[in-house]
1. Per 0.36 nm of contour for each residue apart, how much would the distance between residue 158 and residue 146 grow if the chain were fully extended, relative to their Cα-Cα spacing?
2. Multiply the residue separation of residue 89 and residue 165 by 0.36 nm, subtract the distance between their alpha-carbon atoms, and state the gained length in nm to one decimal.
3. Apply the a/c threshold of 1.5 to the C-alpha gyration tensor of the range 123-168 and tell me whether it is rounded, prolate or oblate.
4. Using only the C-alpha atoms of the range 130-231, find the volume of their convex hull and express it per residue in Å³.
5. State the extension gain, in nm to one decimal, for the chain segment bounded by residue 33 and residue 125, taking 0.36 nm per residue of separation less the distance between their alpha-carbons.
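Just so you know, all these numbers are worked out from the coordinates, no wet-lab data involved. Source: prediction; values computed, not measured.
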């Protein structure tokens with residue numbers, strides 16, 4: 001049994017240290033017996049050669065033939081354990097079963113995670129649809145920041161006050177900006193911390209106003225630059241046509 005096979009079977013718990021030791025002893029005994037037989041045959045060959053030289057042809061002819069062939073005194077070689085192949089097959093079979101069970105468990109976890117996510121999205125949609133307080137004819141523009149972008153939603157005067165105080169929040173559903181009570185925003189955050197919900201911090205109102213002004217100024221500058229580039233491009237195109 002090779003060391004690598006022995007180690008695999010030992011780790012798998014299919015054989016014991018005693019079995020490995022016994023197999024090593026049996027193999028060594030077989031080697032010793034084979035070596036002894038080879039030495040015996042060599043000695044017999046040498047002795048026969050010397051005897052043939054010392055005997056005359058007449059004496060050699062009178063020499064009686066042995067009635068029986070000498071019987072082998074060595075015991076037959078012990079066959080290697082037949083258990084090794086079956087144990088190795090069992091080891092691979094158990095390993096394959098374990099890997100299949102791990103794959104099935106992982107697939108089950110993915111399905112359960114996808115199902116939980118789907119259920120959470122549905123709960124959030126129901127919360128927003130049930131609790132949104134948008135007013136269709138509201139005319140006051142309320143600016144808020146998402147990342148590095150200024151967005152806005154039209155609100156009533158009271159809603160503007162509530163948003164500034166942090167008692168109303170803004171979230172999104174199907175691309176629409178929805179006004180919801182801050183308590184509902186807390187429920188949404190518990191269901192999905194990654195869901196975008198904008199809640200104003202009154203203590204940071206001045207900082208937020210400055211940030212909005214900065215972003216609006218940058219957006220206006222960029223729009224003017226793009227308009228100038230477009231105008232220059234149109235002027236150049238008109239000049240090229242006139243030259244042609």
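1. Details: separation 12, 0.36 × 12 = 4.32 nm, distance 2.25 nm.
Value of the extension gain: 2.1 nm.
2. Values: separation 76, 0.36 × 76 = 27.36 nm, distance 7.17 nm.
Between residue 89 and residue 165, full extension yields an extra 20.2 nm.
3. Numbers: a/c = 1.68, a/b = 1.19, b/c = 1.41.
Oblate is the answer for the range 123-168, as a/c is 1.5 or above yet b/c matches or exceeds a/b.
4. Working: hull volume 13.4 nm³, N = 102.
Spread over its residues, the Cα hull of the range 130-231 gives 132 Å³ apiece.
5. 24.7 nm
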